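Q: Submitted below is the structure of interest, expressed as structure tokens.
The values are calculated or read from the model by the stated rules, or taken from the named source; none is laboratory data. None of these values were measured; they are calculated from a predicted model. Positions of Cβ are backbone-derived with ideal geometry, glycine not excepted, and every protein chain shown enters the neighbour counts.
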Amino acid sequence: MNATAPSMKSDALCEQSAVNLLSLIKKRDISCVELMDSCIQRYEQVNHVVNAIVETNFENALSVCRDLDNSLKQRLTDEMFLPIPIGIKDLNDVAGMKTTYGSPLFKDNQVKNDDDIVAHLKKNSAIIFGKTNVPEHGFGATTTNPLQGSTGNPFNPSLSAGASTGGGAAAVAASIVPLATGSDFAGSLRTPAGFCGIAGMRPSNGVVATGRRSNIWSPFDVEGPMAKTAADCKLLLAHMAKSHPIDPFSKSLSDRLLQPAEEIDLNKLKVAISHDLGFAIMSKSYEKTFYEKLEKLRHLFANIETAHMDLTAAYKTFMTLRSVGFLGDFGLMENEFGDELGEVIIKELEHARKLSSEDIATAFLEHSSIVRLSDAFFDNFDLLITPAASVTPFKHELEYPSNIDDVTYEGYLDWEAISWGITLTQCPSVVINCGMDEFGMPFGIQVIARQNRDAFLLDAAHSIETAFLGSHEFSRPTPNLKKLAAMKALTLT
């Protein structure tokens, strides 16, 4: 797929940034209906190939758009106002739509009420475009499930769009929607963003507080934004951010987060770089690409050093605590559905039941140590930069990249340690595009900051993206949408 070829219509509204679209709507240069129509047209042109949107909300969305257009003058005084079409991950409840979790067990699960994330977005005038595809129950290395099929990467539909927010990433990359929501446990917002050449952020815990987690004490599962750029991610995160009375991580909305993304002086920042965080699997190809690109960006920063926080205990700690979460989420469901839950979940439950109390207690203590050490790490650095993924996008039929540089891996999450290693630290991280890899697919970098410095992180990422502008090597690529639209629907299994 030629990443530099022009799109079907270069001035299509749906291709513009969310920041620019919001400005155009506020100035009445475009209407909400016009924008929605543009997104629907793009959906009709390319979704049959990428399978990013699995349920539409067009009639309701257009009705909301007409109401917004008719009442725009009054709504312009609203502090929170985001009349932009948004894709909602099919793990979140939207009133009147199905939440299937990508599972045949929930194919008829029509819901009556919005969950608190969706309700908050609607309160802020967001336009719900439709539901985006997920792996079954939200778990897997690629976005594929037996109910909705697979999501193809817009740069090459035969390849994975990542998981578990692969539907959202493909929808944004193909400009079906300017924005998408998602959740991130082991990299579910970040890996798809890297694979599809866009931006995706895992915020600090409690920035998007919620009551929808089955285990409200879990520090791993967070809700976050996905968009073409870091600036658009900041815009969406500001409108997602909220407190919640039963979320123990809940925090107040940062004033800086409400401000538009701003350029900061990168030459004042101390930056650490690491290709593997000291423990993560990384292909030789991606290690080479990462350091070649960062060497050319060295001049942007005051200082760059090869360094990372201590994650020696990361693998056992994460896998143990993840297994405990699986047992809580699916243990009771197994009594009802048995093997219908799927092989991945059944295996995880078997593993979880073998853990001892001592294993679990040790993991909690190790996790506490990792968080403390990670916080101390940022006494000496402003940012940490890593690759966004360990491999180039792979065939979506693969369960996971089980062979990397002729080494076989049995754990389906082993290849994604560069993401879930950062999950353990509780630090916010955002993936932004950094041009293409040697295989002609998008290459992303993961930018990490100290816990609760989310607004600073997004401003820093925006500043890095701004520095990329005009550079063929580093500027964000776009898929060849004209070629994509001409393709026949693939059998996405």
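Q: Go through the stretch 344-367 and report how many residues are in a helix (DSSP H, G or I) and over 25 Å from the mean Cα position of the chain (by Cα). Spell out how you get there, then give the answer.
A: So in the stretch 344-367, the residues in a helix (DSSP H, G or I) come out as 344-352, 357-367.
Remaining after also requiring over 25 Å from the mean Cα position of the chain (by Cα): 346-347, 349-352, 357-366.
Count: 16.
Q: Here is a list: Thr306, Thr320, Thr312. Which entry is touching a helix residue (DSSP H, G or I) at 6+ places or on another chain (Cβ under 7 Å) and of a type outside the set (A, V, I, L, M, F, W, C)? Working first, answer last.
A: Numbers: Thr306 fails: touching a helix residue (DSSP H, G or I) at 6+ places or on another chain (Cβ under 7 Å); Thr312 fails: touching a helix residue (DSSP H, G or I) at 6+ places or on another chain (Cβ under 7 Å).
From the options Thr306, Thr320, Thr312, the qualifying one is Thr320.
Q: Moving on to the next point. Looking at the structure I just gave you, is Val407 over 25 Å from Gly149 (Cβ atoms) and either surrounded by 24 or more Cβ atoms within 10 Å (Cβ to Cβ) or touching a helix residue (DSSP H, G or I) at 6+ places or on another chain (Cβ under 7 Å) (or both)?
A: Judged against the criteria, Val407 is not a match.
Q: Follow-up question, since we're still on this one. Residues Ile246, Ile304: which one is modelled with pLDDT of 95 or more, loosely packed, with under 14 Cβ neighbours inside 10 Å and not in a helix (DSSP H, G or I)? Steps first, answer last, please.
A: Working: Ile304 fails: loosely packed, with under 14 Cβ neighbours inside 10 Å.
Only one candidate qualifies: Ile246.
Q: Which of the residues spanning the stretch 285-330 are small (Gly, Ala, Ser) and more than 26 Å from Ser368 (Cβ to Cβ)?
A: Scanning the stretch 285-330 gives Ser285, Ala302.
Q: When Ala174 is evaluated against the numbered criteria (1) surrounded by fewer than 24 Cβ atoms within 10 Å (Cβ to Cβ); (2) out of contact with any strand residue (DSSP E or B) (no Cβ under 8 Å at 6 or more places or on another chain), which criterion, by number, is the only one it fails?
A: Failing condition for Ala174: (1).
Q: Please work out if Leu469 is surrounded by fewer than 24 Cβ atoms within 10 Å (Cβ to Cβ) and closer than 16 Å to Lys228 by Cα.
A: yes
Q: Still on this structure, please answer the following. Just to be sure before I move on: is Glu465 within 19 Å of the chain's Cα centre (by Cα) and modelled with pLDDT of 95 or more in the structure I sent? Steps first, answer last, please.
A: Details: within 19 Å of the chain's Cα centre (by Cα): yes; modelled with pLDDT of 95 or more: yes.
Spelling it out, Glu465 is indeed within 19 Å of the chain's Cα centre (by Cα) and modelled with pLDDT of 95 or more.
Q: Among the residues of the stretch 455-470, which ones are out of contact with any strand residue (DSSP E or B) (no Cβ under 8 Å at 6 or more places or on another chain) and either touching a residue at least 24 places away in the same chain (Cβ under 8 Å) or within 19 Å of Leu237 (Cα to Cα) (or both)?
A: Ala455, Phe456, Asp459, His462, Ser463, Thr466, Ala467
Q: Residue by residue through the stretch 31-54, note down the ones that are in contact (Cβ under 8 Å) with a residue 40 or more places away in the chain, surrounded by fewer than 22 Cβ atoms within 10 Å (Cβ to Cβ) and among the small types (Gly, Ala, Ser).
A: None; the set is empty.
Q: List every residue pair whose Cβ atoms sit under 6 Å apart, with the two residues 6 or more apart in sequence or on different chains, where the first one lies in the stretch 419-448 and is at pLDDT below 95 and the second, anywhere, is assigned to a strand (DSSP E or B) and buried (at least 24 other Cβ atoms within 10 Å of the Cβ).
A: none
Q: Please work out if Asn452 is of a type in the set (S, T, N, Q) and at positive phi.
A: Numbers: of a type in the set (S, T, N, Q): yes; at positive phi: yes.
Yes, satisfied.
Q: Could you look through the stretch 350-390, keep only residues that are in contact with a helix residue (DSSP H, G or I) (Cβ under 6 Å, 6 or more places away or on another chain) and modelled with pLDDT under 95, and pick out the one that is surrounded by the most Cβ atoms within 10 Å (Cβ to Cβ)?
A: Only one residue tops the list, namely Ala352.
Q: If Leu105 passes every condition in (1) outside any helix (DSSP H, G or I); (2) farther than 30 Å from Lys27 by Cβ but one, which one does it miss?
A: It is condition (1) that Leu105 fails.
Q: Hey, among the residues in the stretch 11-30 that are assigned to a helix (DSSP H, G or I), without any contact (Cβ under 8 Å) to a residue 24 or more places away in the chain and not hydroxyl-bearing (Ser, Thr, Tyr), which one's farthest from Ala231 (Cα to Cα)?
A: Leu24
Q: Right, something else. Check whether at least one residue in the stretch 205-228 is over 29 Å from Ala363 (Cα atoms), basic (Lys, Arg) and assigned to a helix (DSSP H, G or I), and report yes or no.
A: Checking the stretch 205-228: not a single residue is over 29 Å from Ala363 (Cα atoms), basic (Lys, Arg) and assigned to a helix (DSSP H, G or I).
Q: Taking Lys395 as the residue in question, decide whether it is over 18 Å from the mean Cα position of the chain (by Cα), modelled with pLDDT under 95 and not aromatic (Phe, Trp, Tyr).
A: no
Q: Now, a different point. Filter the stretch 63-84 down to residues that are surrounded by 19 or more Cβ atoms within 10 Å (Cβ to Cβ) and of a type in the set (Val, Ile, Thr) and give me whichever is nearest to the chain's Cα centre (by Cα).
A: Ile84
Q: If I ask for residues that are part of a helix (DSSP H, G or I) and touching a residue at least 24 places away in the same chain (Cβ under 8 Å), which ones from the stretch 331-343 would you list?
A: Residues satisfying the conditions are Phe337, Glu340, Leu341.
Q: So, of the residues in the stretch 85-125 that are more than 23 Å from the chain's Cα centre (by Cα) and not hydrophobic (A, V, I, L, M, F, W, C), which turns out to be nearest to Ser175 (Cα to Cα)?
A: Gly96
Q: Starting from residues that are among the hydroxyl-bearing types (Ser, Thr, Tyr) and under 15 Å from Glu397 (Cα atoms), keep the ones in the stretch 130-162 and report whichever is surrounded by the fewest Cβ atoms within 10 Å (Cβ to Cβ). Give the steps one after another, and end with the answer.
A: Step one: of the stretch 130-162, the residues among the hydroxyl-bearing types (Ser, Thr, Tyr) are 132, 142-144, 150-151, 158, 160.
Imposing the further condition that a residue be under 15 Å from Glu397 (Cα atoms) reduces the set to 142-144, 150-151, 158, 160.
Details: Thr142: 29, Thr143: 36, Thr144: 27, Ser150: 25, Thr151: 35, Ser158: 14, Ser160: 30.
Selected residue: Ser158.
Q: Turning to a different aspect of this structure: Quick one: in the stretch 267-301, of everything that is in contact with a strand residue (DSSP E or B) (Cβ under 6 Å, 6 or more places away or on another chain), among the small types (Gly, Ala, Ser) and part of a loop (DSSP other than H, G, I, E, B), which residue is surrounded by the most Cβ atoms within 10 Å (Cβ to Cβ)?
A: Ser274
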